[in-house]
Each structure stands twice: as C-alpha cells, then as structure tokens.
Amino acid sequence: MSSLAAWLPNFKQRYGDFTDPLPEENTIADFFAFVKQDQRPGIAFNFPIVVSLEHGQTADNTGTAFAFNSAVDSTLQNAQIDGATLGLIGNIPYDVSFKSRNGAGNGSVGGAFRTAFELKTDLLMKSMEFYREISLLYGCGSGAVISADIGVIIGTPSGTNLGGGMTAQFTKASWAPGIWSNMLNAKVDFYAADGTTPVAGGSAGVSVTAVNADTASVTFLLAASTAVLAATQRVVMTGWRTKSCVGIEGVLANTGTIFNINAATYPMWKALQVSLGGAQLSRARVLGLAARLFPNGLTQGGSLFVSGPGFGDLAEEADSLQRYTNNTDEVKRQGVNQLVYKSPAGEITVKLHKYMKQGEAMFFPTGNGKRVGSTDITFRGEGQDWFFLELPTNAGCQLRIMSNQAAILTMPYRTAYITGIVNSASSGVVGG
C-alpha cells in the first residue's frame, strides 16, 4: 500500500485545476479583474490620479500683446493600496484517510482515497471564494472604525446568552440572505453602532447556530456570559476589524481619506452617494443616476449590482411595459432574467448579486475597478509545492488555501452607491 508521503505528488497533479479558479459570474471578483503579475505590489500598489486640471487661463479682447495670468498648475495625487491576506485551513484525520482507501473508487489508483482529499479541497475552494467575495464587498479595513459590516441588529434579541443562544433579527436594509445562508457554524464579532466598541466575539468568536432567511433572523451562541446583543449592533466576520481590506461598500461610502487621497478635498475621489429614502428601484431612478454621472465623464455605461428583491422590482416594472413574449395560445410567458437600460452615459446592465444587501445597490463603470495584491486564491506556495503539512502533534494532516488582495476603484466619481432602497419582496422586520 502506498504511503501518504509517496502519493503526495499525485495529489498535486489531481487538484491542480483548483489553483487558479475563475470567479463566478456576476461576482465582484469577476467584474474587478486581478492586476497582471508584473503590476502586483511589492510594498504597495501605486497609481497616479489627476485631481485637478490646468487653470492658468487668460481672456483678452484688446488685440495687444497682453500679459498672461499666472499659471495654475494641474495636480496629481498618488493612490496607494495593498492587499489583505485571507487564509483558510482544513484538517483531515488519519482515520479518514485510512477508511477512504477502502471500498469502490473511481479508478485503479485509489479513487476513494483521492475523493476524500478532493472533497476537502473542493470545499476549501468554495469557502475561500465565499470569503473573498465578502471581503471585497464588506471588508472592515485596517482602521479602528469598521468601514463596513454584514448586518445590523434591529429590536431586542430573544433568548439567553448561554442557554441555547440568542436570536437576533436584522434590519431589512442590511439583510443579505445569500451571505447568511452560508454562515452556519461560522464565527462573527459584534460591535456597537460606532463601529469601534467590541461587544462580543474576540479570539473565540460568536458561533452562528441557526439562520431563518424568511424573518431575517440568526441565532448566535456566545462564549462569554456577560455579552449581551442589542439593537444597532453591527456584525463582522470574526477577527476582521483592523486586519482586512477595505470593502467596496466602505470605498463607496467614504467621505474622507482613503488610499492616501482625501475625498473631502478632491471631489473626483468620492462616489456619487444617493439615498432613495424608502423608495423602490425603478427605470427612472436608474436613468436619473446615469444622468448625474454623465457630467463626471461616464460615457461607456457599466453595471448596477442589486439584490434579489431589487432585481425583482425592476423586472416587474419592465415586464409591465411588455407583458408577453414568445407566446403560444396555451402558454403565456412573463418575466425577465436580464435587464439593460440605454442612457446617454452608455448601456447600464443590471446584475443580480447574491450577497448584496437588500437596501443597497452599487454601480461601477466598465473597467473602473481592479483587484490588487500579491496573489489570487491559491493552494500553492513556492513553486509548485502545496500548502500541505502533517500535523506535528495530532493524528492527521492539513491543507491550506491563501489569497492576498483588495479592490480599488480608479475613478470613484463615476461610480455610485445607492442606499435607502425598500423592495416589495424584502425579508425581515417591517420598518427595518
């Protein structure tokens, strides 16, 4: 029987396809291309931004050799960003390895044994893709105040801390069902509304024990008996505060200094921030958004990322304008699965994003964003060697998967951040 060490080269070849994954369609990772290898940062990724034009102009109608006014030179600022590292580990006990060598396999080279490692590798990849997307969207950043969260509590949670857990409901606006459906057994931290004061979590984290997408409620098991969950508290992935990249939500909501440039001083470094004040998304509002971005230089259109309920409202509106297509006498077809709006600023494609919060939408011009960092998701370290090790004091081995990246918008003033959306089919507490 071949030993695990003797079969290690086989594992490398078998799972090589997972090293460079293609992001899922309509994800931020898919829309924000990773920079080319020769542009990946050593210390940090830098690029110049023109923040003001030349303004040393002079007008004259005397027909004389008039004097020019003083030059008012253009100004450039240096944008600087570095990636943040995400690491994910998975252990495989030796007993699992031994048992997986037995029974029917998918070939003559130990199919069952390979399948055990393939399953672990596949699930590590899926989990890392999930965390990559959440970090790109809602990363907390490196500052003392979290720049984004994955949900805000509304009302008073039920239950006792250590007596089966506390069940908290989330505001409709901050609820992202696609995130929480993947969070069973995950660890999170809680912060007060100020985004600075820790409430629960820390090194042990708070475990997610149950999720109810219909009521936008989650049950948490707190390790500390003194911790109490309450309304307005914000939830982040455990350990992310001061350690993660700044997510796109934080970039779009920024009004101060980010990536070395102050948006309060240079308007082109600030996204268009729009609140619908409790209204639904509509064609008129999307086209109005394009009209406001056109003076900022938007001419090639872009993509509007929306939640499921947000897409539903836009699709229903579009469907009401043209009720039936491809019909027969017996079957009437209704509905749409893709929306494109034509505007003077170019075509705007509405993209359904499964991790988008119900009360938000984000618009990005084509080619405006990129991902920077030292590496996308990978199982490999130096050369072709895998992040694989025998556990030194335990009966098992460990696989590791890593990434180092962050998202940046090269022209924020052509992007938009829409809040205050209330959809007709949102989950959660009424009024939240």
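The values are calculated or read from the model by the stated rules, or taken from the named source; none is laboratory data. Everything numeric here is computed off the predicted structure, so don't read it as measured data. Glycine gets a Cβ as well: all are built from the backbone with ideal geometry, and neighbour counts include every protein chain shown.
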- Task: Mind telling me which of the residues Leu314, Leu272 ends up being in contact (Cβ under 8 Å) with a residue 24 or more places away in the chain and more than 14 Å from Pro412 (Cα to Cα)?
- Result: Leu314
- Task: Consider Leu304 carefully, then state whether it is part of a strand (DSSP E or B), out of contact with any Leu (no Cβ under 6 Å at 6 or more places or on another chain), in contact (Cβ under 8 Å) with a residue 12 or more places away in the chain and not basic (Lys, Arg).
- Result: yes
- Kindly indicate the residue of segment 51-77 that is assigned to a strand (DSSP E or B) and surrounded by 12 or more Cβ atoms within 10 Å (Cβ to Cβ) and also modelled with the lowest pLDDT among those meeting that condition. Val51
- Query: Thr196: in contact (Cβ under 8 Å) with a residue 24 or more places away in the chain and part of a loop (DSSP other than H, G, I, E, B), yes or no?
  - Reply: yes
- Message: Is it the case, given these coordinates, that Pro48 is modelled with pLDDT under 75 and in a loop (DSSP other than H, G, I, E, B)?
- Response: no
- Query: Which of the strands (runs of 3 or more DSSP E) contained wholly in segment 377-427 include at least 2 residues that are surrounded by fewer than 17 Cβ atoms within 10 Å (Cβ to Cβ)?
  - Reply: 388-390, 396-409
- Task: Could you please give the count of residues in segment 213-262 that are without any contact (Cβ under 8 Å) to a residue 12 or more places away in the chain, out of contact with any Gly (no Cβ under 7 Å at 6 or more places or on another chain) and not hydroxyl-bearing (Ser, Thr, Tyr)?
- Result: 1
